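Data first, discussion second: the structure below is written as structure tokens.
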């Protein structure tokens with residue numbers, strides 16, 4: 001049974017619809033990431049589950065019980081806030097023990113549980129410090145300890161790593177993931193960082209305009225995006241404007257680029273010829289060879305292009321290529337690959353199975 | 001070489017600092033420290049047969065503490081100030097709370113509405129109470145027209161209660177401002193975090209909002225207390241016979257009626273010392289209100305020259 005269920009959840013602020021009837025079932029022990037750009041409704045979703053805002057329509061079930069009318073202090077969830085929201089007038093220890101005191105947990109239990117939670121986030125020696133005497137990363141851990149000490153059934157995290165620098169963020173991502181599998185608590189994690197979503201989650205719900213655009217494991221969102229938006233949002237990709245071909249098999253014609261045929265792995269089912277579509281090809285799937293190179297084999301797409309720019313990015317070299325119709329493609333190559341000159345005429349190749357057709 | 005003075009000021013960092021700080025330093029010395037120093041000196045001169053003589057003496061202080069009149073007056077003034085402070089706090093805190101947390105629209109406008117009385121001359125506000133509470137006043141008129149009383153009440157005006165009422169009216173905005181400032185600065189996420197951690201609204205108020213508002217409460221109370229303790233116009237206008245018992249009125253009559261400047265100065269010095277002690281205590285209380293370090297806002301940030 002799902003631990004959190006959202007049914008037709010809608011939130012309107014005056015005339016603005018922040019959340020437009022989303023339905024979602026979160027499994028017990030799952031790490032679910034709600035991913036989206038700002039204003040997509042991801043934080044609103046979290047605030048409705050926590051109880052900070054009340055839904056305009058729809059139901060929220062936690063462990064089968066409808067909590068939509070309950071205030072935050074009666075819901076079996078805890079939140080890790082974006083700016084941590086630590087109580088500045090209390091020590092780290094008192095911050096972490098706050099939830100237990102408010103639940104009137106017996107005093108002799110509070111001490112050991114707080115100590116345990118602090119050890120779990122490696123902050124044992126900092127118990128008597130004031131929050132402002134800690135670094136951003138340490139404050140983040142206190143916020144985490146303050147939530148998990150209550151052993152909530154669901155932990156809500158609102159961009160918890162947003163204020164940290166890149167290196168610390170990466171380290172905390174792994175630490176969070178580890179903690180989650182150790183504790184077995186269900187995590188609902190809100191972020192706008194697609195890389196973070198891919199790294200940590202069991203499933204990702206990508207939101208757009210108050211709706212869920214696509215829900216699935218990270219791999220599925222990356223490999224089989226359902227729309228142009230998903231393909232574009234998750235990872236880097238090249239989008240080619242195409243239309244469904246007359247051949248019902250695998251061929252699609254590139255409209256703007258003079259209509260030469262492109263083969264795709266998955267045939268667009270039930271799409272009549274002439275319907276505009278997008279072909280998404282990841283930069284790492286593109287192979288760039290000199291224009292005179294011999295053909296590699298069947299099932300490959302080949303387009304002539306000109307090298308416009310070369311960007312060195314450490315582990316990869318990003319080649320910006322211009323097609324004859326002016327479309328720009330980005331291809332990733334290893335730094336050890338033979339270099340090209342800017343302005344050189346080349347050929348872009350990719351296996352037909354690597355192209356994914358998506359609707360607009 | 002014509003290295004003028006201006007050039008030297010321009011290039012020398014130390015000279016620059018001295019020149020830049022000259023005006024505020026002069027200001028403080030001439031308008032603040034000098035008068036207090038003169039007051040202090042004055043309090044040690046002797047008055048002989050109504051004439052000021054420049055003979056140092058501690059007679060004024062011995063007289064001050066030797067008779068019950070002066071300590072009693074100070075205690076009475078403190079009592080009035082305490083009442084004003086408590087009523088101001090009870091009035092100001094809820095208003096500041098509602099302004100900071102409940103009002104969404106027209107927040108500034110409402111805040112201005114609370115603060116606007118400060119723009120009206122103090123004398124006008126004190127006089128307004130004379131008009132309201134007087135024998136032919138608005139309140140008596142209202143009560144008579146409603147048939148609650150037959151003859152105008154004379155107890156309303158010229159009483160300690162009238163003084164407390166007017167001072168409360170005058171100084172409540174001073175109490176409200178710092179309280180509102182600290183409440184408004186509390187991030188909404190702290191309230192949400194508290195509720196997320198199983199504290200209902202009341203416990204959130206007790207455990208989070210109230211402790212975080214303490215610096216503002218202490219600052220506001222200090223304002224109300226210090227300002228009303230030193231007030232002399234409201235007691236003069238509204239206090240009647242009781243007015244002679246406020247310490248500032250006593251100082252005023254020592255200087256203006258009795259021409260006993262040294263004794264008046266001595267009373268002033270004692271008052272000044274008490275006030276500074278109070279500010280010091282208030283600062284300590286605030287620092288204790290926050291965990292592990294300095295208070296976010298301090299009464300000394302607000303404290304005007306007394």
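The values are calculated or read from the model by the stated rules, or taken from the named source; none is laboratory data. Just so we're clear, the structure is a prediction, and the values are computed from it rather than from any experiment. Cβ placement follows ideal geometry from the backbone for every residue including glycine, while neighbour counts extend to all protein chains displayed.
Scoring residue A:198 on the criteria (1) out of contact with any strand residue (DSSP E or B) (no Cβ under 7 Å at 6 or more places or on another chain); (2) modelled with pLDDT of 90 or more; (3) part of a loop (DSSP other than H, G, I, E, B) leaves a single failure, condition (3). Test residue B:141 against the criterion of being away from chain A (no Cβ under 14 Å) and under 30 Å from residue B:232 (Cβ atoms), and give yes or no. Judged against the criteria, residue B:141 is a match. Taken across region A:98-116, residues that are out of contact with any strand residue (DSSP E or B) (no Cβ under 8 Å at 6 or more places or on another chain), surrounded by 19 or more Cβ atoms within 10 Å (Cβ to Cβ), in contact (Cβ under 8 Å) with a residue 12 or more places away in the chain and not in a helix (DSSP H, G or I) do not occur at all. No other residue among B:64, B:91, B:52, B:47 is touching a residue at least 60 places away in the same chain (Cβ under 8 Å), touching a helix residue (DSSP H, G or I) at 6+ places or on another chain (Cβ under 6 Å) and part of a strand (DSSP E or B) apart from B:47.
Do we have residue B:251 as within 17 Å of residue B:282 (Cβ to Cβ) and either more than 10 Å from chain A (Cβ to nearest Cβ) or in contact with a strand residue (DSSP E or B) (Cβ under 8 Å, 6 or more places away or on another chain) (or both) here?
Here the answer is no, as residue B:251 does not meet what is asked.
Each row is one residue, and each column tells you yes or no for (1) over 16 Å from residue A:142 (Cα atoms); (2) touching a helix residue (DSSP H, G or I) at 6+ places or on another chain (Cβ under 7 Å); (3) surrounded by 22 or more Cβ atoms within 10 Å (Cβ to Cβ).
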{"position": "A:26", "(1), (2), (3)": "yes, no, yes"}
{"position": "A:36", "(1), (2), (3)": "yes, yes, yes"}
{"position": "A:51", "(1), (2), (3)": "yes, yes, yes"}
{"position": "A:54", "(1), (2), (3)": "yes, no, no"}
{"position": "A:72", "(1), (2), (3)": "yes, yes, yes"}
{"position": "A:94", "(1), (2), (3)": "no, no, no"}
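Of the numbered criteria (1) within 23 Å of residue A:97 (Cβ to Cβ); (2) at pLDDT 90 or above, the one residue A:137 fails is (2). Condition first: within 14 Å of the chain's Cα centre (by Cα) and free of Cβ contacts under 8 Å to residues at least 40 places away in the same chain. Now tell me which residues in region A:167-192 satisfy that. Correct list: A:173 only. Checking the stated criteria, residue B:161 turns out to be more than 14 Å from every other protein chain (Cβ to nearest Cβ), surrounded by fewer than 19 Cβ atoms within 10 Å (Cβ to Cβ) and part of a helix (DSSP H, G or I).
Filtered by the rule that a residue be more than 8 Å from chain A (Cβ to nearest Cβ) and surrounded by fewer than 21 Cβ atoms within 10 Å (Cβ to Cβ), region B:205-215 gives B:205, B:206, B:209, B:210, B:214. Take the conditions within 14 Å of chain A (Cβ to nearest Cβ), buried (at least 23 other Cβ atoms within 10 Å of the Cβ), touching a helix residue (DSSP H, G or I) at 6+ places or on another chain (Cβ under 7 Å) and not in a loop (DSSP other than H, G, I, E, B) and apply them to residue B:194. Does it pass? Taking the combined requirement at face value, the residue satisfies it. Of the residues contained in region A:141-162, one or more are found to be modelled with pLDDT under 90 and surrounded by fewer than 22 Cβ atoms within 10 Å (Cβ to Cβ). Output yes when any residue across region B:216-232 is part of a helix (DSSP H, G or I), closer than 27 Å to residue A:73 by Cα, within 14 Å of chain A (Cβ to nearest Cβ) and touching a residue at least 12 places away in the same chain (Cβ under 8 Å), and no when none is. For region B:216-232, residues part of a helix (DSSP H, G or I), closer than 27 Å to residue A:73 by Cα, within 14 Å of chain A (Cβ to nearest Cβ) and touching a residue at least 12 places away in the same chain (Cβ under 8 Å): absent. Restricting attention to region A:92-123, which residues are within 14 Å of chain B (Cβ to nearest Cβ) and over 17 Å from residue A:183 (Cβ atoms)? Residues satisfying the conditions are A:92, A:93, A:94, A:95, A:97, A:98, A:101, A:102, A:103, A:104, A:105, A:110.
As a summary of the residue check, residue A:150 satisfies the conditions (1) assigned to a helix (DSSP H, G or I); (2) within 11 Å of chain B (Cβ to nearest Cβ) except for the one numbered (1).
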